[in-house]
Amino acid sequence: MRITDLVPVPDLLGMRRVLCIQPHPDDMEVGAGATVARLCRAGGRVRVVTVTDGGAGSADPAMSPAELAAVRRGEAEAAARLLGVAEMGWLGFPDGGELEEGAVRRALAREIRAFRPDLLLAPDPWLPYEAHPDHRLTGLAAAAAAILAAFPYALRSGEGPEPRHEVQAVAFYGTAAPNTRVDVGETWALKLEALRAHRSQFPPETWPFVQAYFEGKAREIGAGAGCELAEAFKVLPPIALHFNVDAAAS
Ligand SMILES: [Zn+2]
């Protein structure tokens, strides 16, 4: 007996209000860009919230964090427009492994209570060997905010009760334990275009490698789903995100 035998894994493509949380300005496109484009095409309203300012994402010591953050914000806005994203939010935490999980958790609970999404998209914090603390902490904070936003006296901004909101599901991208594969053949070209908009991260000289890897991976995932190209997610209802001994196998 598993929780997901009683409460089935929700249908990701049936979601209409989607809040996508990303640690850095390009993670949504890498992990879920083609699926986000599909959700937008189907009439969904997608808000993308970036936790850090992306200011540490360069190996060039001459590139100041403030300068890079401004560049990356422009790149992310251009990429999001290509995919059909309706709104963007910027939490502005410093990039580079300095996040404090409680602060991010409270900020994300505010986002959930204000936007009232059906679906939350977030990086999988339980990805084995994920060494980047911004990804682990953002994923953990998002998962915690998803379950706690339903309780008016949890993660409060002030003294009184908060407006409660319950998401229908959390879909983790960048996961090693997917239970959902989305056919993205029709929006794959858009994802590549959106990724290319992040020129500070994927400059033309590295693009052939980047495209070969992402496309090879999408073909592999697609082969398991009976389609040419797919993105993979671990989708769980909030009830399956607490005290669930079967979550890893669900
Ligand atoms: Zn990242």
### Query
What are the residues in region 68-97 that are over 25 Å from ARG116 (Cβ atoms) and free of Cβ contacts under 8 Å to residues at least 12 places away in the same chain, if any?
ALA70, GLY74
### Message
Looking only at region 2-28, filter to residues that are among the β-branched types (Val, Ile, Thr) and within 26 Å of GLU75 (Cβ to Cβ); which one of those is nearest to the ligand (Cβ to nearest atom)?
### Response
ILE21
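Quick check on region 181-234: of everything there that is β-branched (Val, Ile, Thr) and over 24 Å from GLU75 (Cα atoms), which residue is farthest from the chain's Cα centre (by Cα)?
Going through the qualifying residues, I end up with ILE221.
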### Task
Go through the residues of region 158-175 one by one and say whether even a single one is assigned to a loop (DSSP other than H, G, I, E, B), within 16 Å of the ligand (Cβ to nearest atom) and in contact (Cβ under 8 Å) with a residue 60 or more places away in the chain.
yes
### Task
Among the candidates ALA59, ALA76, single out the residue that is part of a helix (DSSP H, G or I), of a type in the set (Gly, Ala, Ser), more than 30 Å from VAL245 (Cα to Cα) and within 16 Å of the ligand (Cβ to nearest atom).
ALA76
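Name the one entry in GLY96, GLY102 that is under 16 Å from ASP27 (Cβ atoms), surrounded by fewer than 19 Cβ atoms within 10 Å (Cβ to Cβ) and touching a helix residue (DSSP H, G or I) at 6+ places or on another chain (Cβ under 9 Å).
Values: GLY102 fails: under 16 Å from ASP27 (Cβ atoms).
It is GLY96.
Name the residue that is farthest from the ligand (Cβ to nearest atom), counting only residues in region 29-48 that are assigned to a strand (DSSP E or B) and crowded, with 24+ Cβ neighbours inside 10 Å. Reasoning before the result, please.
Of the residues in region 29-48, the ones assigned to a strand (DSSP E or B) are 45-48.
Now drop any that are not crowded, with 24+ Cβ neighbours inside 10 Å, which leaves 46, 48.
On the way: VAL46: 18, VAL48: 13 Å.
This residue is VAL46.
For region 125-145: of the residues being in contact with a Pro (Cβ under 6 Å, 6 or more places away or on another chain) and either modelled with pLDDT under 95 or not acidic (Asp, Glu) (or both), which is farthest from the ligand (Cβ to nearest atom)?
In the first step, residues of region 125-145 are kept if they are in contact with a Pro (Cβ under 6 Å, 6 or more places away or on another chain); the result is 134-136, 138-140.
Adding the requirement that they be either modelled with pLDDT under 95 or not acidic (Asp, Glu) (or both) leaves 135-136, 138-140.
Values: HIS135: 6, ARG136: 11, THR138: 8, GLY139: 11, LEU140: 15 Å.
Filtering region 125-145 for residues that are in contact with a Pro (Cβ under 6 Å, 6 or more places away or on another chain) and either modelled with pLDDT under 95 or not acidic (Asp, Glu) (or both), the one farthest from the ligand (Cβ to nearest atom) comes out as LEU140.
This table checks each residue for (1) free of Cβ contacts under 8 Å to residues at least 40 places away in the same chain; (2) assigned to a helix (DSSP H, G or I); (3) of a type outside the set (A, V, I, L, M).
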site: LEU192; (1), (2), (3): yes, yes, no
site: PHE209; (1), (2), (3): yes, yes, yes
site: VAL235; (1), (2), (3): no, no, no
site: ASN244; (1), (2), (3): no, no, yes
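The values are calculated or read from the model by the stated rules, or taken from the named source; none is laboratory data. Treat the numbers as computed from the prediction; the structure is a model and nothing was measured. Cβ: placed from backbone, ideal geometry, glycine included. Neighbour counts: every protein chain shown.
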